[in-house]
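Reading through the structure tokens given below for one structure.
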Amino acid sequence: MKRCLSLTLAALVAVISLMLPIGTAPAEAAVFAPSGVERLLQVPGLASEIRTAAPEPSLSQMDARLLVILLLLGLPILGTTLAANKPRAYEGGDRNEIPVIAADILYEGAAIGVVPASGHARPLAAGDRFAGFAEAKADNAAGAAAAINVRVVESGKIELSVSGAVITDIGQPVYATDDDTFVFSPVSSVFVGFVHRFVSAGKVIVAFNALKYQDPYGNRTKRETISADKTLDAEDTGKVFFVDTDAKVVTLPAIADGLGGVKIVNIGAFGTVLVAISPAAADMILGPDITGADNKDLLNTKATAKRGDYVVLDLGDADGYVVTEMVGTWAREA
């Protein structure tokens, strides 16, 4: 029996030696301690069989070959493997826990905001960082700040009632003004996610990821809504305006006044809002495929206007303003 085992070991080592040329050690061999080889070579008769079966290998080659032998023979491998269950603490990929603000209740399903000044969770409010949706109620009405945590779902898809949502709003950014009010206007609100699927009028599936998704208007913090005719001035430089009412006119100051870098966005549903941008009598608006002419409005054509259409206007020369960015169908007034 011993002789058969020796022959088997010798044959195995010989085969393995052909697979591992002298001077070439597999990367896997590096993970096995040299003591494993030394202890195995102490087995009576085994060392001589291994040494005579193939040319003298390096220590790392020996480890690799002996490991294969042990696996083939079903013998135990020296190491510290588990022999009993070992519970571990796992963190779900789309869950998080955040300490709750003092004296407040966060209800299941609430949009959760993180207070910038303290890092505590609360029902979302303007100025917060969106952290996800509460998976369960967290009642800290009688507790100090951080007395309990709220467990939030920080990424996924959720059905929400979004004011004014229609079937053409797929891909539109969605904002929240509190923990249960969702809108398309980025003014005085917090970015939540994007419309993933239309369900019914005013109801959509929103894809959200509190750590990865970015507010598309995030680089402009000065935001205003235009619901009536408005005349801009130099102090509106760098702002973004969201027009939500049909046939309202945004009037530009004379080019010499210094207004520049202003972004004007149509925030109305598809085909419902005409945006008109009117220059001063002696100025024109120049842009891609737009023939300049003094005192002619730039129009976001109502029939094809989409939520999110916009232009960015900057200072040109003495002739007037220049369109530096444009999304949607815009044309010069006839």
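Here, each number is a calculation from the coordinates, and none is a lab measurement. None of the values given here were measured: they were computed from a predicted structure. Don't worry about glycine lacking a Cβ; one is built from the backbone with ideal geometry, like all the others, and counts go over all protein chains shown.
Tell me, how many Å apart are the Cα centres for the stretch 137-208 and for the stretch 248-268? Each part reduced to its Cα centre gives a spacing of 31 Å. Backbone phi angles across the stretch 146-161, fed through the Karplus curve with coefficients 6.51, -1.76 and 1.60 (θ = phi - 60°), yield HN-Hα couplings of 6, 5, 9, 10, 10, 8, 10, 8, 9, 7, x, 10, 8, 7, 9, 8 Hz in residue order; Gly and Pro are listed as x. Proximity of backbone amide H atoms, modeled 1.01 Å from N, is registered between residue 174 and 192, 193, 194, 195 at under 5 Å, excluding neighbours fewer than 5 places apart on the same chain.
The label point for residue 170 and the one for residue 289, both projected 7 Å from the Cα toward the Cβ, are 2.4 nm apart. Within the stretch 94-132, what residues put their amide N at less than 19 Å from the label point 7 Å along the Cα-to-Cβ vector of residue 161? The answer is 107-112, 124-125, whose backbone nitrogens lie closer than 19 Å to the label point. Backbone geometry of the stretch 240-257 corresponds, through the Karplus equation with coefficients 6.51, -1.76 and 1.60 at θ = phi - 60°, to 3J(HN,Hα) couplings of 10, 10, 10, 8, 10, 10, 5, 6, 8, 10, 9, 9, 8, x, 4, 4, 5, 6 Hz, x marking Gly and Pro. The rule of thumb for compact globular proteins, 2.2 N^0.38 Å, goes into the C-alpha radius of gyration of the stretch 94-219 1.02 times. The string of couplings for the stretch 300-309 from the Karplus curve (6.51, -1.76, 1.60, θ = phi - 60°) is 8, 3, 4, 4, 10, 5, 10, 4, x, 4 Hz, one whole number per residue in order, with x for Gly and Pro.
For the stretch 169-215, the average shadow cast by the Cα convex hull is 3.2 nm², which is a quarter of the hull's surface.
Per the Cα gyration tensor, the stretch 223-332 maps to an equivalent ellipsoid with semi-axes of 20, 15, 12 Å, ordered largest to smallest. Between residue 129 and 114, the built amide H atoms are under 5 Å apart, and every one of these is 5 or more places off in sequence or on another chain.
A cut-off of 5 Å between modelled amide H atoms, ignoring neighbours fewer than 5 places along the same chain, links residue 239 with 263. Among 175, 200, 148, whose Cα lies farthest out toward the positive end of the dipole of the stretch 99-200, if unit charges sit on the beta carbon of Lys, Arg (+1) and Asp, Glu (-1)? Final value for the positive-end residue is 175.
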